[in-house]
Amino acid sequence: MAGICDSIISKGIEQNCENPIVKGLEADAVICNRADVDFSKSVFDESFKNMLKTLILKSGKKGYPVVQQGSKPFTGTKISLATGTYRNTFTNEISIAVLDNGPDVAQNIIDGLANGSFVLITKNVHKGEGGKAEYQVYGYYQGLRATAIESDKYSEDTDGGWLVTLQETSAPKAALFYFNTDSKTTETQFKSLLTEAG
């Protein structure tokens, strides 16, 4: 029989003077169709329940690079508390600028984003202790889905391309990080998602 889940803090709230937090995201990320993730092979860290050690894609599937240029990549990315009747959850929101247009872009990117469900792994500028905070996963629990897509032909931000807002609602955890063993191992796993799974 399931018990009552702990809703307590278990660490002091202090500033990390040795490794101070810094804002922002790196320019590169990986997006996967959520249906292509093999959740049965996902492994979580035994000590940190908010840390995913492995993310495996189904055979023949791969992720796709998301590159965001400029001084503030993925501007608008945020996590917000969503208060519920019996339990609070979190809403993840990410904006992606698609600085291109044409039939190939419309068919293979925009139309897919409009109706699909996705998992996205970004890279934080703040790496945290030993690199444990560098990679962050969005959409693992409920999937990221488009809430807004627009192409403003006179936009100074997208130069007439597309601006896509993806959102995951009802995520049970405040954040989900991607880390296995050390920074190098995690980087290798991150990059391997771009290669078709065997």
remark   = Per GNM of the chain with C-alpha springs under 10 angstrom, the most fluctuating residue out of Leu166, Leu144, Leu99 is Leu99
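By how many nm would the segment from Gln69 to Glu46 grow when fully extended, if each residue of separation counts as 0.36 nm and the alpha-carbon distance is taken off? List each step's numbers first, then the result.
Details: separation 23, 0.36 × 23 = 8.28 nm, distance 3.60 nm.
That pair, Gln69 and Glu46, stretches by 4.7 nm at full extension.
Based on the Cβ-Cβ distance of Lys184 and Ser10, what FRET efficiency does E = 1/(1 + (r/R0)^6) give at R0 = 22 Å, to the nearest 0.05? If you can, show how the numbers build up before the last one.
On the way: r = 30 Å, r/R0 = 1.35.
Approximately 0.15, to the nearest 0.05.
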Residues listed by number, segment 87-114, amide nitrogen under 18 Å from Asp157 label point at 7 Å toward C-beta = 92-101, 110, 114
query = Among Ala82, Gly143, Thr165, whose Cα sits farthest toward the positive end of the charge dipole of segment 74-198 (+1 at Cβ of Lys/Arg, -1 at Cβ of Asp/Glu, about the Cα centre)?
reply = Ala82
query = Under 27 Å from the Cα of Lys127, which lysines turn up, not counting those fewer than eight places away in the same chain?
reply = Lys11, Lys23, Lys41, Lys49, Lys53, Lys62, Lys72, Lys78, Lys173, Lys184, Lys191
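Let me check I've understood the local charge: for Lys62, count other residues with C-beta under 13 angstrom from its C-beta, Lys and Arg +1, Asp and Glu -1. What total comes out? Present the calculation step by step, with values, prior to reporting the outcome.
On the way: positive: Lys58, Lys61, Lys191; negative: Asp36, Asp38, Glu196.
Charge balance in the 13 Å sphere: 0.
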request  = May I ask for the angle, rounded to the nearest 10°, between helix 183-192 and the longest principal axis of the chain, with both axes built from Cα atoms and the value confined to 0 to 90°?
outcome  = 40 degrees
query = Hey, if you put +1 on the Cβ of every Lys and Arg and -1 on every Asp and Glu Cβ in the chain, which of Leu194, Ala97, Met51 ends up farthest toward the positive end of that dipole?
reply = Met51
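Roughly what % antiparallel, to the nearest 5, for the DSSP beta bridges in segment 28-192? Display every interim value, and only then the final one.
Working: 36 of 38 bridges.
Among the beta bridges of segment 28-192, antiparallel pairing accounts for roughly 95 percent.
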ask   = Over the chain, what is the relative contact order in whole percent, taking alpha-carbon pairs under 8 Å and six or more residues apart?
value = 27 percent
ask   = Pick from Thr77, Thr158, Thr188: which is most flexible by mean-square fluctuation in a GNM of the chain where alpha carbon atoms under 10 Å apart are linked?
value = Thr188
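In the neighborhood of Ala82, defined by Cβ-to-Cβ distances under 12 Å, what is the net charge if each Lys or Arg adds +1 and each Asp or Glu adds -1?
On the way: positive: Arg87; negative: Glu93, Glu168.
Cβ neighbours under 12 Å give a net charge of -1.
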note = Residue separation between His126 and Glu18 times 0.36 nm, minus their alpha-carbon distance, gives in nm 37.6 nm
request  = Measure off 7 Å from each Cα along the Cα-to-Cβ vector at Val105 and Tyr86, then give the distance between these two points in nanometres to one decimal.
outcome  = 4.6 nm
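The numbers here are math on the coordinates, done by the rules we state, and not lab data. Predicted model only: the values in this text are computed from it and were never measured. Ideal geometry is used to build each Cβ from the backbone, glycine not excepted, and the neighbour counts take in all protein chains shown.
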